[in-house]
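Reviewing the structure listed below.
The values are calculated or read from the model by the stated rules, or taken from the named source; none is laboratory data. Remember, predicted model here, so these are calculated numbers, not experimental data. Using ideal geometry, Cβ is built from the backbone for each residue, glycine included, and neighbour counts are taken over all protein chains shown. Areas reflect the complete protein model, heavy atoms only, side chains present, ligands, DNA and RNA absent. Shrake-Rupley method; radii C 1.70, N 1.55, O 1.52, S 1.80 Å.
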Amino acid sequence: MNRISFNIPNISQVLLYYDRAKVYRADTETGTYAEITDLATRVVLVPAKTVYYYEDAQGSPTHWYKVAYYNSTTFHERAPSPPP
């Protein structure tokens, strides 16, 4: 299991356009990333909260992750972050 953390220091600006975060995983840094969250498990973004966590029960120490902001009303998604 992996616990992924990500920071959103400008949360008030992000919340103007997005209300969720999708988490993507790949086997290698340059591999193909696939979403591991779904409608029920996407991370909900809230005002004044800048640090978020997601637990990947299937994750291993060799996995790589990316996060993308998502609007659950318009279905617009921002390009994923680079892997840490």
task: Kindly provide the set of residues from the range 47-73 that are surrounded by 10 or more Cβ atoms within 10 Å (Cβ to Cβ) and over 19 Å from Arg3 (Cβ atoms), ordered by number.
output: Tyr69, Tyr70, Asn71, Ser72
- request: Determine which member of the set Ala26, Ala48, Ala40 is without any contact (Cβ under 8 Å) to a residue 12 or more places away in the chain and small (Gly, Ala, Ser).
  value: Ala40
task: Give the residues of the range 24-53 that are acidic (Asp, Glu) and part of a strand (DSSP E or B), sorted by residue number.
output: Glu35
- prompt: For the range 54-84, how many residues are part of a loop (DSSP other than H, G, I, E, B) and touching a strand residue (DSSP E or B) at 6+ places or on another chain (Cβ under 6 Å)?
  reply: 7
query: What tally of residues in the range 14-34 results from selecting those that are open to solvent by 70 Å² or more (accessible area, probe 1.4 Å), hydroxyl-bearing (Ser, Thr, Tyr) and touching a His at 6+ places or on another chain (Cβ under 8 Å)?
result: 1
